[in-house]
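Note sheet for the following structure.
Just so it is clear, none of the values below were taken in a lab; they were calculated from the coordinates. Every value quoted in this text rests on a predicted model; they were computed, and no experiment measured them. Backbone-built Cβ (ideal geometry, glycine too); neighbour counts: all protein chains shown.
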Amino acid sequence: MTEVIDSRRRKLLVGGAASVVAVAGAAAISPRALAAGEKKSFPSYVAWKEQDSLILHSAQTLETKREAIGASVITPTDRLFVRNNLPAPDESILADRDAWQVTIQGTKQSRTLSLAELKTLGVETVATVLQCSGNGRAFFDHKASGTPWQVGAAGCVLWTGVPVRKVVEALGGVEKGAKFMTSTGGEVLPQGLDPKSLVVERSVPLAAMENALLAWEMNGEPLPLAHGGPLRLIVPGYYGVNNIKYVKQVAFTERETDAKIQTSGYRMRPVGEKGAPDQLSMWEMNVKSWVTSPVTSAAAGRVQIQGVAFGGAHAVKSVEVSIDGGRSWRKARFVGPDLGQFAWRPFVLEAELKPGTYTIASRATNTKGSTQPEEFPENERGYGHNGWRRHA
Ligand SMILES: Nc1nc2c(c(=O)[nH]1)N[C@H]1C(S)=C(S)[C@@H](COP(=O)(O)O)O[C@H]1N2
Ligand SMILES: [Mo]
């Protein structure tokens, strides 16, 4: 028993050691959890997660299993994927949530506001797909470096918070010349290393502010630390990395930040090339869908083929399903309520299936008219895969 724990733990630490700082804090398993003999494999900040529903890639990367995504629109928080570029901050930042502070800059008045103050400025709820840029990386053949996510670095979440636009209004509006919204994560960075090479700080085009939210609740509960509590920026329609957790600053800037995660990180480029600022940044998501059931087998007869579909930066319009590997397609039916432009929609196609082997695929189209391609071009970091064939 102990040996199992030990080897598991070693694996975790190795997995988390990709960055120097990862060895500290978050990678450790809580001694309390070990003593209780419970849930030994998950790090303490995510020990409350539904472990059977998740794939533990490393201490900082957990993926929802394809069959655990579910069919009821909202991804339960305890099944949602987790992705940290740095170890999560200490749990103590949740002790007094309302005291959390965020600095707003590049507005007529620049100010530091507490979460309690933010709550007086407005409130809204939005459902968005939260998806890592590397979701689907495992479906590329070139072995891109990074977590080999399949489909489960994504979920659909209800966020509650104040629209950024309301905060900006209260501070007199955005200053002239601002072209980006630049937000900074609240991780404490290790001494002695260049902060620009580590800080999670992302710029998005100013237009993204229109739909952005500073959220303190997800799925009806206070934000857990693992998902950015006490306060997180939500940029609907944008890849996960732009949704800054434990956000401590939002600045309206003329230029994109010179943090490495922006200048060379999260850039789409040909295999073999280095990241650079002139390449496409992982901002707006593309249209995507995948089947969640059945994944490997089903009883012959009537089968409910189910999955999820979303439009990326635009609403999803329709989705088709193929049971013959893409030779013929039938329109699927959306299931459940439409939670808006940025949510995904579960879908179903009822089929009578005789015993045999089927390749089941899905292909979504958004309101802008973009349809998932059959293949998605290989790219150095394995970003943005929405090709339907490899998801079949
Ligand atoms: N402060 C901070 N925000 C962050 C990150 C991080 O490491 N630190 N990771 C980003 C990435 S790459 C993704 S995919 C999402 C993951 O969100 P989740 O862990 O809540 O699923 O958070 C983003 N926001
Ligand atoms: Mo990500």
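Restricting the calculation to Cα atoms, every distinct pair contributes to the Kirkwood radius of the chain, found to be 21.8 Å. Arranged from fewest to most other beta-carbon atoms within 10 Å of their beta carbon, Lys176, Lys65 become Lys176, Lys65.
Other residues within the sphere of radius under 15 Å centred on the Cβ of Pro373, judged by their own Cβ, net out at +1 (K and R +1, D and E -1).
Computed over the chain, the per-residue total of -39500 (n - 2.57) for DSSP H runs of n ≥ 4 gives a 222 nm mean residue ellipticity of -2500 deg cm²/dmol, rounded to 500.
For the pair the range 80-141 and the range 287-339, the centres of their Cα atoms are 31 angstrom apart. Rg/Rh for the range 116-242 stands at 1.00; both radii use Cα atoms, and Rh follows the Kirkwood definition. Note on the range 46-173: Cα convex hull, mean projected area over all directions, 10.0 nm².
In 10 Å bins starting at zero, report the fraction of Cα pairs in the range 109-176 per bin as a rounded %. Here the calculated profile for the range 109-176 is 18, 29, 21, 22, 11, 0. Summary value for the range 243-358: 20 percent relative contact order, contacts being C-alpha pairs under 8 angstrom separated by 6+ residues. Seen from Phe334, the other residues with C-beta closer than 13 Å to its C-beta sum to a net charge of +2, counting Lys and Arg as +1 and Asp and Glu as -1. The long axis of helix 2-16 is offset from the longest Cα principal axis of the chain by roughly 70 degrees. Considering only Cα atoms, the convex hull volume of the range 276-324 works out to 122 Å³ per residue. Applying a DSSP loop filter and a limit of 13 other Cβ atoms within 10 Å to the trypsin sites (Lys or Arg not before Pro) in the range 108-145 leaves Lys108, Lys143. The local environment of Gly301, defined by Cβ-Cβ distances under 9 Å, has a net charge of +1 under the rule Lys, Arg +1 and Asp, Glu -1. When the C-alpha to C-alpha distance is required to be over 28 Å, the pairs from Lys65/Lys260; Lys166/Lys288; Lys176/Lys317; Lys176/Lys196; Lys179/Lys248; Lys119/Lys260 that qualify are Lys65/Lys260; Lys166/Lys288; Lys176/Lys317; Lys119/Lys260.
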